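Each remark here refers to the structure printed beneath this line.
The values are calculated or read from the model by the stated rules, or taken from the named source; none is laboratory data. Quick caveat: nothing in here was measured; it's all calculated off a predicted structure. Neighbour counts are summed over all protein chains in view; Cβ atoms, including those assigned to glycine, are modelled from backbone coordinates with ideal geometry. Only protein heavy atoms, including side chains, enter the accessible area calculation; ligands, DNA and RNA are left aside. Shrake-Rupley method; radii C 1.70, N 1.55, O 1.52, S 1.80 Å.
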Amino acid sequence: MADFTLIIGNRNYSSWSLRAWLVARFSGLAFDSQRVLLDTPHFKEEIKSLSPNGMVPALRKGDWVISDSLAIAEYLNECAPEAKLWPDERSVRAQARSLSCEMHSGFADLRNEMPMNIRATGRVVELSAGAQRDVERMIAVWAACLADDRTQRDGPWLFGRFSICDAMFVPVVFRFRTYSVTLPSACQAYADHCIQDPFIREWIEAALDETEILDTEEVGV
């Protein structure tokens, strides 16, 4: 039986839905995933009964709802402490939280000029100075994490093993792939690892096969 229901938008476009879904998937908890199509005449009507703020993602458990992907991630971390969704060491955990919040509230120019579109490749856009700064900052963040000897012995993710911080940045991996952003070798290796991860492949395949209907599926153990 599912522990909760996660309301998501289109897998191809909804980066915030992807973030919450990835944390849920890595948590090991069983959950139902219910998709509501964005930018349709029926979206507002469908979403208002599922998410009080009228946005996705939203996590529903019984009669209550958690909105916002980072709040959802923190809740799931508390529900599944054995999944270790934040780094163990306090200083490293603080850094991971700081970067997650930076991604959550920043990079507006990158978001606006390079929207997530998993099915698209080879797109070329002329970035504004602000978007270019965002790209450079993103690369600097990844490079610093991947060069940190405190964590990299534990695995290939930003802080060794998968963390909520990775979930925050995976949609940017898709953006960089869609818009053919050239990355340093370590950052490209990280992006390649993300794309090949089984859970992320699961989301990609669903995005490629996405249909224009409301659907429900059960995921988990």
Pairs under 9 Å by beta carbon, first residue part of a strand (DSSP E or B) in the range 160-176, partner polar (S, T, N, Q), six or more apart or different chains?
G160/T151; G160/Q152; R161/T151
On the given criteria, is D3 surrounded by fewer than 20 Cβ atoms within 10 Å (Cβ to Cβ), over 21 Å from M168 (Cα atoms) and in contact with a helix residue (DSSP H, G or I) (Cβ under 8 Å, 6 or more places away or on another chain)?
yes
How many residues are part of a helix (DSSP H, G or I), in contact (Cβ under 8 Å) with a residue 40 or more places away in the chain and not small (G, A, S) if we restrict to the range 177-208?
10
Selection from the range 165-177 of residues buried (at least 24 other Cβ atoms within 10 Å of the Cβ) and farther than 13 Å from L18 by Cβ yields C165
Residue within the range 129-142 that is over 30 Å from L208 (Cβ atoms), open to solvent by less than 60 Å² (accessible area, probe 1.4 Å) and at pLDDT 95 or above present
yes
Residue check for G130: over 29 Å from L59 (Cα atoms) and either touching a residue at least 24 places away in the same chain (Cβ under 8 Å) or not hydroxyl-bearing (S, T, Y) (or both):
yes
